[in-house]
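Notes for the one structure printed next.
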Amino acid sequence: MPETVPPPRTGTAAAAGRAPDAESFLAVLSRLASGVVAVTGLADGGPVGLTVSSFVSVSLDPPLVSFCVARTSRTWPLLRTGGRVCVNILSQEQAVDAARFALRDADRFGGVRWRPSPAGLPVLDGGLAWLECTVQVEHGAGDHDIVVCRVDRLDEGAAESGPLVRFRGAYGRLERV
């Protein structure tokens, strides 16, 4: 008996596909929910930080994590000079902090409560957890750099809420089903 093959789907963008331009690529990737972290450190004696939604674990042994930063970032060069960073896993109550840390030319720590990690790096109050890291290597990747860090110390935060997530260009909450 001959195998029947269903007719191809027509009339949808998914079936037709298209070559990605920057706008369509961003629109498609925004459909993947991601956790949000603030990467913090010290530069010129003061706290500095930026918001990242491209944070992932890389290895358990040794404990490695990575995140991506835009090459246009003016904050990453400041953070990089210290060689150590603190990755703050943000809670759903920290959307205002995440938005503040994503602004250019803003006082990112104005009104943000924090305490020093064992190495003196900023740990944001209200977070779900933090990881104190040493930058191991950076890899250029298009208009971003992939930063790989070794985790030196970590701790769970006191917050009992859910994580802050980014979906379709906005911050939101994770709803459990």
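See the values below:
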{"item": "Candidate set: segment 47-74, residues that are over 19 Å from His139 (Cβ atoms) and in contact (Cβ under 8 Å) with a residue 24 or more places away in the chain; chosen: the one most open to solvent (accessible area, probe 1.4 Å)", "result": "Arg74"}
{"item": "Leading residue by the ranking (farthest from Thr51 (Cα to Cα)) among those in segment 96-109 that are open to solvent by 30 Å² or more (accessible area, probe 1.4 Å) and among the small types (Gly, Ala, Ser)", "result": "Ala106"}
{"item": "Residue in segment 39-47 that is within 26 Å of Phe167 (Cβ to Cβ), aliphatic (A, V, I, L, M) and either within 18 Å of the chain's Cα centre (by Cα) or not in a loop (DSSP other than H, G, I, E, B) (or both) present", "result": "yes"}
{"item": "Check on Arg100, over 19 Å from Asp143 (Cβ atoms) and in contact with a Lys or Arg (Cβ under 8 Å, 6 or more places away or on another chain)", "result": "yes"}
{"item": "Single residue of segment 128-177 satisfying the filter (of a type in the set (Val, Ile, Thr) and open to solvent by 40 Å² or more (accessible area, probe 1.4 Å)) that is farthest from Thr81 (Cα to Cα)", "result": "Val177"}
{"item": "Qualifying residue in segment 150-163 (condition: closer than 15 Å to Leu50 by Cα and in a strand (DSSP E or B))", "result": "no"}
{"item": "Contacts under 6 angstrom Cβ, first residue in segment 130-148 being at pLDDT 95 or above, partner of a type in the set (Phe, Trp, Tyr) and part of a strand (DSSP E or B), 6 or more apart", "result": "Val147/Phe67"}
{"item": "Some residue of segment 18-28 being at pLDDT 95 or above, open to solvent by 80 Å² or more (accessible area, probe 1.4 Å) and closer than 23 Å to Phe167 by Cα", "result": "no"}
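The values are calculated or read from the model by the stated rules, or taken from the named source; none is laboratory data. What you see is a predicted model; the values in this text were computed from it and never measured. Quick reminder, even Gly has a Cβ in these numbers, built from the backbone with ideal geometry, and neighbours come from all protein chains shown. Please note that ligands, DNA and RNA were not included when accessible areas were found on the heavy atoms of the full protein model with its side chains. Shrake-Rupley method; radii C 1.70, N 1.55, O 1.52, S 1.80 Å.
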